[in-house]
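K.L.:
Let me give you the structure first, and then I'll get to my questions.
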Amino acid sequence: TVRTAKAPTPPAMAVRLRNLEGSNRQQEKLASLGRMSAGLAHELNNPAAAAQRIAVYLGEVIQTIQGVAHELHQTLEGDQWERLIGLADGALKNLATDGSNHSIEQSDSEDVLGVWLKENDVPNAWKIAPILVGAGLETNALTSLRQDLPPASFANAIRWMALRLTIRSLLDDAEQCTERIASLVDA
């Protein structure tokens, strides 16, 4: 005897159809969640990678500034340190209020200061000039500082100030990266 399969009854067919539709909806939701997760991971990766690079560079800058500060400590007297710290503190305040307007005028100022720094035997003048100009420091203030310091310590004083400004900028950048990550997570 040959048995033939019975055709499912209409109510059983409806249940199967509903189960199939539910399964399809669930798969679509999971696929959508997967796309959203991949997009979020991609968006989080950029500020996270930037924060990681900042942390590495910040460590290098801190190592360098410690060495420069040690050298300056051996050559500067108390009032000279106070003068240098006062100028650096004012530059830090200018850096905090700077609108980061990189205009042609600012670029020209960087060139002028770079030449002046090079003429005054400051190593890496081309790297240091934009940092100092960005903090509102110009040749007048630096000429006055140069007159107050022993000639052998002037280049290190400029390096120390530029490193201090760099640390502040890096910390600001790291804060922006972490704020971006937090806003992405909130969203």
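Read-outs throughout are calculated quantities, based only on the coordinates presented, and are distinct from any laboratory measurement. Computed from a predicted model, the values in this text were never measured in an experiment. Heads up, the Cβs are rebuilt from the backbone with ideal geometry, glycines too, and the neighbour counts pull from every protein chain shown.
K.L.:
Using +1 at the C-beta of Lys and Arg and -1 at the C-beta of Asp and Glu, which of N24, G34, G59 has the Cα lying farthest in the positive direction of the dipole of region 7-138?
P.N.:
Projecting each Cα onto the dipole axis, the largest value belongs to N24.
K.L.:
Hey, another quick one. Principal axis lengths of region 34-131 from Cα atoms, whole Å, largest first?
P.N.:
The principal-axis extents, from largest down, are 62, 35, 24 Å.
K.L.:
While we're here: Give me the tail of P(r) for region 10-75 as a percent: Cα-Cα pairs with distance above 20 Å. Numbers along the way, then the final one.
P.N.:
Working: 1404 of 2145 pairs.
That fraction is 65 percent.
K.L.:
Taking only complete DSSP H runs, can you tell me which helices of the chain stretch 15 Å or more along their own long axis by Cα positions and average at least -1.0 on the Kyte-Doolittle scale?
P.N.:
Numbers: long enough: 10-75 (97 Å, -0.24); 78-97 (29 Å, -0.18); 104-119 (23 Å, -0.46); 154-186 (48 Å, 0.20).
Helices meeting the span and hydropathy rule in the chain are 10-75, 78-97, 104-119, 154-186.
K.L.:
Using 20 Å as the cut-off for backbone N distance, which residues of region 8-49 belong to the label zone defined by a point 7 Å from the Cα of L184 along Cα→Cβ?
P.N.:
Counting only backbone N, you get 32-49.
K.L.:
Assuming R0 = 30 Å, what is the FRET efficiency of W81 and Y57, from their Cβ-Cβ distance, to the nearest 0.05?
P.N.:
Working: r = 26 Å, r/R0 = 0.88.
In this case the efficiency is close to 0.70.
K.L.:
Determine the relative contact order of the chain: mean sequence separation of Cα pairs under 8 Å and six or more apart, normalised by residue count, in whole percent. Kindly include the intermediate steps, with their values, before the conclusion.
P.N.:
Working: 115 pairs, mean separation 63.7, N = 187.
Relative contact order of the chain: 34 percent.
K.L.:
Can you compute the modelled spin-label distance between M13 and N140, with each label point 7 Å from Cα toward Cβ, in nm?
P.N.:
Calculated label separation equals 9.3 nm.
K.L.:
Limiting things to C-alpha atoms, what are the Rg and the maximum Cα-Cα separation (Dmax) for the chain, in angstroms?
P.N.:
So, for the chain, Rg and Dmax equal 30.9, 115 Å respectively.
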